[in-house]
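Asker: What follows is a structure written as structure tokens; I'll ask about it next.
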Amino acid sequence: MLRLFNEHRVRPAHSLDGLWTLTVEDGSGRVFPAMVPGIWQAIPPLTLYRGKVRYDRTFDTAGEGNLLLRFSGVSHTADVVLDGEKIGHHYDAFTGFRCAVAKVKPGTHTLTVYVDDSFSEASTLHLPNDYYTYGGITRPVALEEIPDAYIDLIHFTPSQNGDGSWTGDVLVTVKAVADSPACKLVVTLADGTAEGEIPALKAGEEHQAEVKLHCTHVTPWGLMDGHLYDLHAQLVVDGRPVDDLMDRVGFRTVTLDGEKILLNGKQVFLKGFNRHEDFGSQGCAVAMNAMMEDLHLMMDMGANSVRTCHYPNDPRFLDLCDELGIMVWEECHSRAIPGEIMRKPLFKEQIDGSAREMVVQHYNHPCIYTWGLLNECESETEFGHSMYSHVIDLLHSLDKTRPVTFASCRFFKDVCLGLVDIASFNIYPLWYTTEDPSEYSDRLMQWMDENGAAGKPIIFSEFGAGAIYGYYDPLYKSKWSEERQAEILDRQLQALCHKERVSGTYIWQFADVRVSEQWAMHRPKGVNNKGVVDMYRRPKLAYKTVKENYTKLER
Ligand code: ADA
């Protein structure tokens, strides 16, 4: 399943997860059985392979009908072929895509997905970086049987009324894969029901219907107190449901009151971690039990928030955050993109794609409180200001309910803080620099307030230190020792978590992650070792330090 829950009660849906055949497209003719979801780097001869492969599998259909193939994530470029005919293309590992095919004949079908994880002119977001770009069909795949007109998307926007009741604005997008008759829309949520009309549609057309639900007896979604409700949309023809789509939503509002972040009108302080999707030998194809293990570990340390550095996450992880009441800073795919690449026309196309797909696909998650963009990119130049302004405008146009932020590292020269709703900086005092964390953060915040952040919340979106798991040096606490990391994190947390001007802190980082070959020179063992746990979630000494700081923090 692509989600934590079954998205359909009416539409037939089938998982295509499991064993596919992988053929390496390097002229070697090598063939391997490959698990989907999964990374091909988990196949020993392919651990260092970067390039093209093809995945093949068959499936059977009993009668003629329309099919919808849904991919939750392919890393990083996919070309989809059904029975020899190309039906889809997608760039970027971290957002999903779908391919609709009309009037497929009954029988056995061959599905082929060409996957490319190479670094090339065709990729401006997936680059050699301080995280690893894996290769594979890395998130779940589903095959769904759809009528001529089907429900493509439902967006839910909650608002609270003066009497404490809630209103849910629901926008349903219906697409026609073939000419379709008019039908009725029925939407149910909690104790509310609403209906709408969908007109007859021609193949390729789409229609958006808005309905409003009034819900009186609902419990708001809260921090570490997630309350979710099934939002169910159905298409009905002659009294018979012909299609449906279900999501799980929460009644909550995120607002900013000057320097404060409010959840349902109440100020929150975000005690967070930065978390890459990378778990031991599974790479970015993180299984759900591993996602839950990560969340248990973060909650055990007293965290209440996660930053999805530096890309949209697996919807199942967001579903878990929804269920647990964990607040999420999700950001579109970009980490320290070089200026010359940002200036390519292709970059604008690909960053727009990541931002748009992130918001459209993840809009309903109550856990997401802010959209982030362009981590540590060129925010100190006029060109950078125009690019940040463009992406921020796009995010605001797609979602009028959530604030926007980005994590800067352009100290004392950033020119984009005036563009955002929440001002955020990544700092590494005592690791990359020698400044005292408290003095440095005070000086930086004063500068921020003089340069666009005044009257806005401030978040320290990254801080931390490296430690090689198992390297102890109790006497000298030398660099890369676990003792040094614990000491630095303690001083950083003591400095940042107690300042009134600060609305949130995100430790860099939750777990060690593999980095690109090109970064390995700067990263012992080819790993970013700033995790509080290692790649296999074995706690370092800093685990206890973080737990003492976050669990004792009453804000
Ligand atoms: C930056 C960057 C992170 C990571 C970190 C580090 O702040 O945003 O992705 O590279 O530095 O470990 O140095």
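Asker: Tell me, for the chain, which Cys residues have no other cysteine's C-beta sitting closer than 4.7 Å.
Answerer: Cysteines of the chain left without a disulfide-compatible partner: C99, C183, C215, C284, C309, C332, C377, C409, C416, C497.
Asker: Ok, one more. Rounded to the nearest angstrom and ordered from largest down, what semi-axes does the equivalent ellipsoid of segment 64-133 get from its C-alpha gyration tensor (root of 5λ)?
Answerer: 29, 11, 9
Asker: Take the chain, compute every pairwise Cα distance, and split them into 10 Å bins from 0; I just need the percent in each bin.
Answerer: For the chain, the binned pair fractions read 4, 17, 27, 27, 17, 7, 1, 0 percent.
Asker: Compute the helix-to-body angle for 345-362: its Cα long axis versus the longest principal axis of the chain, expressed 0 to 90° and rounded to tens.
Answerer: Roughly 80 degrees between the two axes.
Asker: Using +1 at the C-beta of Lys and Arg and -1 at the C-beta of Asp and Glu, which of V141, T216, Y131 has the Cα lying farthest in the positive direction of the dipole of the chain?
Answerer: Positive-most Cα among the choices belongs to Y131.
Asker: Subtract the Cα-Cα distance of D352 and K202 from 0.36 nm times their separation in residues, and report this length gain in nm to one decimal.
Answerer: Once the chain is fully extended between D352 and K202, it gains 51.1 nm.
Asker: Hey, rough spin-label estimate for W480 and K552, points 7 angstrom out along Cα→Cβ, what's it come to in nanometres?
Answerer: About 3.1 nm, to one decimal.
Asker: Counting helices only, and only those DSSP H runs with n ≥ 4, report the 222 nm mean residue ellipticity of the chain as the sum of -39,500 (n - 2.57) divided by its residues, in deg cm²/dmol to the nearest 500.
Answerer: -5500 deg cm²/dmol
Asker: May I pose another question? Based on Cβ point charges of +1 for Lys and Arg and -1 for Asp and Glu, what charge dipole magnitude is obtained for segment 308-407 about its Cα centre, in debye rounded to the nearest 20?
Answerer: With only Lys, Arg, Asp and Glu charged at Cβ, the dipole is about 140 debye.
Asker: Give me the angle, in degrees from 0 to 90, between the Cα long axis of helix 482-496 and the longest principal axis of the Cα atoms of the chain, rounded to the nearest 10.
Answerer: 90 degrees
Asker: Now for a different question. Work the Kirkwood hydrodynamic radius out for segment 263-335: mean of 1/r over every pair of different alpha-carbon atoms, inverted, in Å.
Answerer: 12.7 Å
Asker: Can I ask one more? Loop-only check: which trypsin sites (Lys or Arg not before Pro) in segment 407-457 are DSSP coil with at most 13 other Cβ within 10 angstrom?
Answerer: Within segment 407-457, the qualifying trypsin sites (Lys or Arg not before Pro) (loop, at most 13 other Cβ atoms within 10 Å) are K413.
Asker: From Cα coordinates alone, what are the radius of gyration and Dmax values for segment 242-398 in angstrom?
Answerer: 16.7, 53
Asker: Something else now. What is the distance in Å between the Cα centres of segment 230-261 and segment 65-135?
Answerer: Comparing the Cα centres of segment 230-261 and segment 65-135, I get a distance of 28 Å.
Asker: While we're on this one: Quick one: what are the phi-derived ³J(HN,Hα) couplings along segment 180-188, Karplus 6.51/-1.76/1.60 with θ = phi - 60°, whole Hz, x for glycine and proline?
Answerer: Coupling constants for segment 180-188: 9, x, 5, 8, 9, 10, 10, 10, 10 Hz.
Asker: Could you tell me which GluC sites (Glu not before Pro) in segment 17-92 are loop residues by DSSP with no more than 15 other beta carbons within 10 angstrom of their beta carbon?
Answerer: E25, E64
Asker: Order 135-144, 297-306 from most to least packed using the mean count of other Cβ atoms within 10 Å.
Answerer: Ranked from most to least packed, the peptides come out as 135-144, 297-306.
Asker: Continuing with this model, one more query. Tabulate in residue order the Karplus-calculated ³J(HN,Hα) for segment 250-266, using 6.51 cos²θ - 1.76 cosθ + 1.60 with θ = phi - 60°, rounded to whole Hz; enter x for Gly and Pro.
Answerer: x, 9, 7, 10, 10, 9, 10, 10, x, 8, 10, 9, 10, 10, 6, x, 10
Asker: Compute the Rg/Rh shape ratio of segment 1-118: radius of gyration over Kirkwood radius, all on alpha-carbon atoms.
Answerer: In segment 1-118, Rg relative to Rh is 0.97.
Asker: Same structure again: Given a Förster distance of 25 angstrom, what is the FRET efficiency for A182 paired with T58, based on the Cβ-Cβ distance and rounded to 0.05?
Answerer: 0.10
Asker: Now, a different point. In whole percent, what relative contact order does the chain give with Cα contacts below 8 Å and a gap of six or more residues?
Answerer: Reported as a whole number, the value is 12 percent.
Asker: Next question, about the same structure. Step through the table entries K530/K552; K212/K344; K477/K547; K105/K344, compare each Cα-Cα distance with 32 Å, and write down the pairs that go over it.
Answerer: K212/K344; K105/K344
Asker: Expected output is a single nm value to one decimal: the length gained when fully extending between N6 and D230, i.e. 0.36 nm times separation in residues minus the C-alpha distance. What is it?
Answerer: Once the chain is fully extended between N6 and D230, it gains 79.6 nm.
Asker: If you look at just the Cα atoms of segment 104-188, how large are its Rg and its Dmax in Å?
Answerer: Spelled out, the Cα radius of gyration and Dmax of segment 104-188 are 21.0, 57 Å.
Asker: To continue, here is another question. If you wrap a convex hull around the alpha carbons of segment 84-123, what volume per residue comes out, as a whole number of Å³?
Answerer: It comes to 97 Å³ per residue, whole-number rounded.
Asker: Please report, largest first and rounded to whole Å, the three semi-axes of the ellipsoid equivalent to segment 402-546, where each semi-axis is the square root of five times an eigenvalue of the C-alpha gyration tensor.
Answerer: Calculated on Cα positions only, the semi-axes equal 29, 17, 13 Å.
Bear in mind these aren't lab numbers, they're just calculated from the coordinates by the rules spelled out. Small disclaimer: the values here were computed from a predicted structure and weren't measured. Positions of Cβ are backbone-derived with ideal geometry, glycine not excepted, and every protein chain shown enters the neighbour counts.
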